[in-house]
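The block underneath contains the structure these notes are about, expressed in C-alpha cells.
The values are calculated or read from the model by the stated rules, or taken from the named source; none is laboratory data. None of these values were measured; they are calculated from a predicted model. Note that we place each Cβ from the backbone using ideal geometry, even for glycine, and neighbour counts take in every protein chain shown. Side chains included, ligands, DNA and RNA excluded: accessible areas come from the protein's heavy atoms. Shrake-Rupley method; radii C 1.70, N 1.55, O 1.52, S 1.80 Å.
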Amino acid sequence: MITARTPRRGLYLGLAVTLGCLTALALMAGSLYLLFYGSEGSCEENKAVERMAQVAAATPAAAAGTTPVAESTSVECMDDSGDPWVTADSAYTHDGDAQPLIAHYWDTAAKDGWKAVGTRAQAPGRFRDSGVCFRKEVAGEPALLRVSSTGPARFVVSVESALDGSKMPC
C-alpha cells in the first residue's frame, strides 16, 4: 500500500499545534489572573448592587439630637484596593456631648445583634480615634458597623462589607 502525503496535511498539523499552544496560553493566563487577583468579583457585578442594599438596610437608627448631613451620606462600592467592598456612610452633626451618642449606638447595636469589638469603657477613646467598631453577619456575610468622630460635633456611622465575604479589620 502506498500512502502519499498531501500538502494540506502539513497545514492541518501546523494549525492544530498553533491552536493547542494558544489554548494552553489562554488557560495559563486565566489561571494566573485568578491566582493574583482572585475571583471575588467587582463593583460592576449585580452582587455589588445587592450587597449595597443589604448593607444600607443594616444601618442603625440615628441618635436623638443628631442632624443628618446629606452631602456626606452615601452608599458605594469601592474596588481601588483590588478587594471590592461596599460601604453605607451616614454623616451627622450632634450637640457636642459624645457620651450619650456613644451610649445610644452601643445599646442600639447590641439590640440589633452587633457584637462590640472592645469594651464599653474603651468606646469614647475609640470614637475619637479609629471609631467604635461592631461585627455581625448581614445576609449571611460578615459586616462591620463603625461609629467615629469626623470633627467637632460631627460623626459618621458606616456599615462595611467585603464582596468576597471575607472579614474586614476594625
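Observations on the model:
- Test: Ala26 is among the aliphatic types (A, V, I, L, M), at pLDDT 90 or above and open to solvent by 40 Å² or more (accessible area, probe 1.4 Å): no
- Residue in the stretch 37-52 that is open to solvent by 30 Å² or more (accessible area, probe 1.4 Å) and within 17 Å of Ser148 (Cβ to Cβ) present: no
- Among the residues of the stretch 44-61, those identified as modelled with pLDDT of 80 or more, outside any helix (DSSP H, G or I) and within 18 Å of the chain's Cα centre (by Cα) are Ala58, Thr59.
- The C-beta contact set for the stretch 62-91 (first residue in a loop (DSSP other than H, G, I, E, B), second residue open to solvent by 80 Å² or more (accessible area, probe 1.4 Å), distance under 8 angstrom, 6+ apart or interchain) comprises Ala62/Pro68; Gly65/Asp95; Val69/Arg154; Gly82/Tyr37.
- Residue count for the stretch 144-157 satisfying the condition of being in contact (Cβ under 8 Å) with a residue 40 or more places away in the chain and open to solvent by 10 Å² or more (accessible area, probe 1.4 Å): 6.
- Pick from the stretch 79-107, criterion of a type in the set (Ser, Thr, Tyr) and open to solvent by 30 Å² or more (accessible area, probe 1.4 Å), ranking: farthest from Val147 (Cα to Cα): Ser81
- Within the stretch 135-152, one or more residues are in a loop (DSSP other than H, G, I, E, B), out of contact with any His (no Cβ under 7 Å at 6 or more places or on another chain), small (Gly, Ala, Ser) and within 19 Å of Met52 (Cβ to Cβ).
- Residue check for Glu141: in contact (Cβ under 8 Å) with a residue 60 or more places away in the chain and closer than 18 Å to Lys47 by Cβ: yes
- Only one of Cys170, Cys133 that is open to solvent by 40 Å² or more (accessible area, probe 1.4 Å) and touching a residue at least 24 places away in the same chain (Cβ under 8 Å): Cys170
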